[in-house]
Amino acid sequence: WKSGGVADRSTPGRMAELTIALSLATDLGTGQPREHGLRTCWLALAAAGELGLDAPARSCVYHTALLRFLGCTADASETAVVAGGDDIAFNAAMGPMLMGQPAESMRHFVRHLAEDLPLGRRAGRVARALADPGMGARSLAAHCEVGARLAERLGMDESVRHALAHAYERWDGRGQPDGLAGEEVPVAVRVVVAARDAELWDRQAGWPTAAGVLAHRRGRGYDPAVVDVLVAHGERWLARIGDDPGAAVLAAEPAPVLTIDGPGLDAALAAVADFADLKSPWFRGHSPGVARLASAAAGAAGL
């Protein structure tokens, strides 16, 4: 990207550098530790190879894993109101249950919603949430819509946009936004949702617990074929990522390597600005406004 310390706009850069950076941002937005998205990508890509997916499908898995939570800021302010102020802590608490069975997910939701508030205020939040049973489905549908639109602005392939538009579908047809079932669910989503939860549960409770969760949700939230390869090989695959997941994931990008040129990067960064500004309705349009002011100031300074 650079030549002599100055940005070189004539040489295309790698799209994966941008999607890796966005995965680190969505780790923050969903309350996950740094490099959770990278480890998910690594595990999903290994599973895709074991399943015999072709190069275009593996590329879709790769970028879907990195961008799955690209729409996580879509309703952050509304989630913060429901959760008592801390939407990130709430997202972190609910993360392990995204693909759980509805009954266990609801119990987990009630147990963790606004859990830092005094009992009386917390009870009111829970009661209001339970009075709106469609809230969760609307939230996930919004995440899918925003993720797919932002991916289009980044210049991602249609297969990635389609996968992100169905990022919370389930094998049993009880997912969001369209209730797709079985092989109707994009294969990248089937691989990524199971790999993401395997990484999350392994980090929180160890591989035996992760394997148990995968087995419990096999044929429910997860594609049985994906579960089988992850249970058989996932622990070994995760151990191979090394001490620099960013470098490992960048090197593992399936061919053909996606590139982005100067104008494309400008457009992609404008999308990233809007992604950040969605965090609060008070900041929509803030980042582009800052960019215009900074550019004008630079011109006035003779740059």
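The values are calculated or read from the model by the stated rules, or taken from the named source; none is laboratory data. Every value quoted in this text rests on a predicted model; they were computed, and no experiment measured them. With ideal geometry, Cβ positions are generated from the backbone for all residues, glycine too; neighbour counts draw on all protein chains shown. Surface accessibility is based on the protein's heavy atoms, side chains included, excluding ligands, DNA and RNA. Shrake-Rupley method; radii C 1.70, N 1.55, O 1.52, S 1.80 Å.
Per-atom-type breakdown for the chain gives carbon and sulfur 59% of the accessible area (1.4 Å probe, protein chains only). In the range 55-98, Rg over Rh equals 1.16, where Rg is the alpha-carbon radius of gyration and Rh the Kirkwood radius from pairwise Cα distances. Which distance in Å, rounded to a whole number, links the C-alpha centroids of the range 235-281 and the range 207-228? Answer, in whole Å: 27. The GNM of the chain, with springs linking C-alpha atoms under 10 angstrom apart, assigns the highest mean-square fluctuation among Val226, Val257, Val193 to Val257. Close amide-amide hydrogen proximity is noted between Gln176 and Tyr168, Glu169, Arg170, each under 5 Å apart and 5 or more residues distant or on a separate chain (H modeled in the peptide plane; Pro and chain starts excluded). Principal semi-axes of the equivalent ellipsoid, √(5λ) from the alpha carbon gyration tensor of the range 227-303, are 40, 18, 12 Å from largest down.
Looking only at the range 180-218, which residues have a backbone nitrogen under 14 Å from a spot 7 Å from the Cα of Gln101 in the C-beta direction? From the range 180-218, the list is 213-218. Between Ala300 and Arg111, the distance separating the two model label sites (each 7 Å from Cα on the Cα→Cβ line) works out to 5.6 nm.
Over all distinct Cα-Cα pairs of the range 214-268, the Kirkwood formula returns a hydrodynamic radius of 14.4 Å. I need to check one value: relative contact order of the chain, counting alpha carbon pairs closer than 8 Å and at least 6 residues apart, in percent. Relative contact order for the chain comes out at 25 percent. The P(r) of the range 102-183 has a tail past 14 Å containing 69 percent of all C-alpha pairs. Put simply, the convex hull of the Cα atoms in the range 67-207 casts, on average, a shadow of 8.7 nm².
Placing dummy labels 7 Å off each Cα toward the beta-carbon, the span from Thr259 to Phe283 is 3.4 nm. Once the 1.4 Å probe is applied to the protein heavy atoms, the range 134-208 comes out at 40 Å² accessible per residue. Compute log10 of I(q)/I(0) for the range 75-147 with the Debye formula, placing one identical point scatterer on every Cα and leaving out solvent, at q = 0.12 Å⁻¹, to two decimals. Scattering profile of the range 75-147, log10 relative to I(0): -0.30.
Please grab the % of Cα pairs in the chain that end up more than 36 Å from each other.
On the way: 8367 of 45753 pairs.
That tail contains 18 percent of the Cα-Cα pairs.
Remark: the chain carries a charge dipole of roughly 620 debye about the Cα centre, counting +1 on each Lys and Arg Cβ and -1 on each Asp and Glu Cβ. Available extension along the chain between Asp178 and Arg292 is 37.1 nm, counting 0.36 nm per residue and deducting the alpha carbon span.
In the range 141-287 the Cα-Cα distances spread across 5 Å bins starting at 0 as 2, 9, 14, 16, 17, 17, 14, 8, 3, 0 percent of all pairs. In a fully extended conformation the segment linking Gln204 and Arg121 would gain 26.9 nm over its present Cα-Cα distance, using 0.36 nm per residue.
With N set to the residue count of the range 11-81, report its C-alpha Rg divided by 2.2 N^0.38 Å to two decimal places.
Working: Rg = 13.8 Å, N = 71, 2.2 N^0.38 = 11.1 Å.
Relative to the rule-of-thumb radius for its length, the range 11-81 sits at 1.24.
With the charge dipole of the chain set up from +1 on Lys and Arg Cβ and -1 on Asp and Glu Cβ about the Cα centre, the Cα lying farthest toward the positive end among the listed residues Thr79, Ala247, Ala142 is that of Thr79.
Peptides 292-299, 164-171, 74-81 ranked from most to least packed by the mean count of surrounding Cβ atoms within 10 Å: 164-171, 74-81, 292-299.
Here the label points at Glu152 and Ala92, each 7 Å from Cα along the C-beta direction, are separated by 3.4 nm in the simple model.
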